[in-house]
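Okay, so here's the structure we're looking at.
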Amino acid sequence: QFFVFCHGLLQLSQLLVSGYLKSSISTIERRYGLSSQTSGLLASFNEVGNTLLIVFVSYFGSRVHRPRLIGCGAILVSLAGFLMSLPHFITGPYEYDQSVASTFSNTTNLCQPGAPGAWANLSDASCTPLASRENHEVLLVMFVAQALLGIGGVPIQPFGISYIDDFASERNSPLYLGILFSVTVIGPGVAFMLGSAMLRFYVDIDKVGAAEVQLTNKDPRWVGAWWLGFLVAASLVALSALPYFFFPREMPKEVGEVLHTHASVEPKCFPVVLLRNLRHPAYLLVVLAQVNISAMVAGLATFMGKFLERQFSLTASLANMIIGAVNIPGAMVGIVVGGAILKRFQMSLRQCSALCVLGMLLCLLTAFPLLFLGCPTQKVAGVTYWDSSGFGHHDMECSAQCRCPEKGFNPICGSNGVEYTSPCSAGCSNVNVHADGSVLNYTGCSCIAGLGLARPGSCGTACSHLFVPFVVLSCLAGILASTSHTPSFMLILRSIQPEDKSFAVGIQFMLLRVLGCGTGAVVRAVALGPWCILWERRCDRRAACRYYDNTLFRKRYLGLQFFFEVGAF
């Protein structure tokens, strides 16, 4: 039981490292100007190191000192976590688009007709060869860290699961594994909560004083302290690794069971064992179903935050909070309920599979309405909205004399309900500021009919009333889908030969990683690329996306989730 406790703790902190990246991915995109494709690849790159090794390591499962290998893996994971935060310390402070009104700088981004070229090259100033090289170094460090994270994670799950299943009594084994799996699910939840907490601090909290930061966390240019969470998570992993170096190679079996000893197993030929497991129909089908579910979960974890931010105009911090406090605990409840039903009714293998099918069917019925709950893209002048008063694509007469910078991005919301990419593009000539230097409103905006008033910040999407139903339904679908988690694992552990257990679980995790998480994240990164209607440009290349086509984004993203759910069913 102490081993189960330690293993739960280690899995929790390991998932904190990998899950935290997913919770801060939209922030890292903004900080280093990464595209969706690059960040999607980065988020799933740890699967590469993991996949290459997991089958071989788990094949040797019964012939090595499992606890010690788990400990060594954990040390690597901890190292990877510290490496992930390194880019923050080797790069300069974050420079955001300074075309924001402020009493500290003379650039107010207002309409200044008499100043030709006043805005010449706002964002190009930072386009030195050094800046683009810095970006390559950042990416290199992060990809290496992700590869290490994958390699370190290899022994942790297969060895832990087989070690517990070997020395626990057959009655208690499902309970222990259920506890571990629910921890596997809490892990990302805690990671998103950690993300939510850390992203409230400004990214350069260690480099600049609070007085110098003129952004609030609702500003679209705000970047939170993404690196802090990695330091916290990596330290936790290092602590959790210590007990593993003191566990015995084999434990006395819990009372009430015959021991299948692993020590006496004849070393078998690798391909024979591999084929024997892959030709097992129950094993193969269950793994394929789990592959679909893990592809769905990978997509939810990687892009759900961004999806909630865009659809319902939430801050990154709040979006993480929702995922961490609602969706993920929901999935955990499902896993525990599935395990409890198993133990209560002592289910046969056939009943286990019926439970899995029922769970997925109910999940499909709950998830279908989600495709229709969402917001249209907000009206952004010159991007998604052109009015009849001559504010057109080519002839933006109302602000033509202002000579606005193409790249300036400091969104404001006009009193007419239309969003403008900057005060200049709305033709605003005056700004009113609070005593502390923050902007109250803009006046004299020639493109805004009526009062010509605008407030700083995005208008947001006007359908916050759909947010609660969306969260409730998605949480319910998660609970139902995850009831199939423990029964599907039992189908695998009980239908294969005892001495192949470690190996079968290893192959299973490999397939889940490659086919599930890897393809899930990459497919979505590619699927999310084309729905961008306005890109931020950095040094003549595309960086992060400023505005998505919300309807397309919702249909493609949730449609893909639904597709994987049908596959699992």
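Quick notes on this structure:
- Taking Cβ atoms as reference points and 11 Å as the exclusive limit, the residues near Leu318 contribute a net charge of +1, counting Lys and Arg as +1 and Asp and Glu as -1.
- Residues whose amide H falls under 5 Å from that of Arg538, counting only those 5 or more places apart or on a different chain, are Ala543, with hydrogens built in the peptide plane.
- Think of the chain as a dipole: +1 on every Lys or Arg Cβ, -1 on every Asp or Glu Cβ, centred on the Cα centre; then among Tyr420, Ala234, Ala295, Ala295 lies furthest on the positive end.
- The modelled label-to-label distance between Ser495 and Thr551, using points 7 Å beyond Cα along the C-beta direction, is 4.4 nm.
- Site pair Lys253 and Ala211 shows an inter-label distance of 7.2 nm when each label is modelled 7 Å from Cα along Cα→Cβ.
- Residue-level accessible surface for Glu499, protein heavy atoms, 1.4 Å, Å²: 60 Å²
- Carbon and sulfur %, accessible surface of region 393-456 computed with the full protein complex present, 1.4 Å: 53 percent
- Checked against a 26 Å cut-off, the cross-linked pairs Lys379/Lys407; Lys407/Lys555; Lys343/Lys501; Lys22/Lys407 give Cα-Cα distances beyond that limit for Lys407/Lys555; Lys22/Lys407.
- Rounded to the nearest 20 debye, the dipole magnitude of region 393-456 is 80 debye, with +1 charges on Lys and Arg beta carbons, -1 on Asp and Glu beta carbons, and the Cα centre as origin.
- Folded to 0 to 90 degrees: helix 173-198 orientation relative to the chain principal axis, Cα: 20 degrees
- With Cα atoms, 0 to 90° folded angle of helix 2-23 axis to the chain main axis: 30 degrees
- Ordered from highest to lowest accessible area with the whole protein assembly present and a 1.4 Å probe, Trp226, Trp531 read as Trp531, Trp226.
- For Tyr547, nonlocal amide neighbours, meaning residues 5 or more places apart or on other chains whose placed amide H falls under 5 Å from its own, are Ile533, Leu534.
- CD proxy at 222 nm, helix term only [per DSSP H run n ≥ 4: -39500 (n - 2.57); per residue of the chain; nearest 500]: -18000 deg cm²/dmol
- Take the Cβ atoms of Leu139 and His465, set R0 to 45 Å, and the FRET efficiency comes out at 0.65.
- Residue-normalised accessible area of the chain, given per residue in Å² at a 1.4 Å probe: 42 Å²
- Counted residue by residue at 0.36 nm each, then reduced by the alpha carbon distance between them, the extension gain from Leu231 to Gln351 reaches 38.7 nm.
- His465 contributes about 130 Å² of solvent-accessible surface, heavy atoms of the protein only, 1.4 Å probe.
- Positive-end extreme of charge dipole, the chain - chosen from Pro411, Leu149, Ile54 (charges on Cβ): Ile54
- Helix axis angle, 226-241 relative to the chain longest principal axis, alpha carbon, degrees: 10 degrees
- Solvent exposure ordering (accessible area, 1.4 Å, most first) of Lys379, Lys407, Lys207: Lys379, Lys207, Lys407
- Over the chain, relative contact order from alpha-carbon pairs under 8 Å, at least 6 apart, %: 27 percent
- Here r is the Cβ-Cβ distance between Phe245 and Val472 and R0 is 30 Å; the resulting FRET efficiency, rounded to 0.05, is 0.10.
- In the context of the full protein assembly, Thr377 retains an accessible surface of approximately 40 Å², using a probe radius of 1.4 Å and ignoring ligands and nucleic acids.
- Phe181, Phe368, Phe5, reordered so the largest accessible area comes first (probe 1.4 Å): Phe5, Phe368, Phe181
- Backbone N within region 415-432 under 15 Å of label point (7 Å from Arg455 Cα along the Cβ vector): 415-420, 432
- Short-range pairs are left out: with C-alpha atoms under 8 Å and at least six residues apart, the relative contact order of region 393-456 is 31 percent.
- Projected area averaged over orientations for the chain, convex hull of C-alpha atoms, nm²: 26.8 nm²
- Remark: the chain carries a charge dipole of roughly 1060 debye about the Cα centre, counting +1 on each Lys and Arg Cβ and -1 on each Asp and Glu Cβ.
The values are calculated or read from the model by the stated rules, or taken from the named source; none is laboratory data. All values reported here derive from a predicted model rather than from experimental measurement. Here Cβ is always computed from backbone atoms with ideal geometry, including for glycine, and neighbour counts include all displayed protein chains. Only protein heavy atoms, including side chains, enter the accessible area calculation; ligands, DNA and RNA are left aside. Shrake-Rupley method; radii C 1.70, N 1.55, O 1.52, S 1.80 Å.
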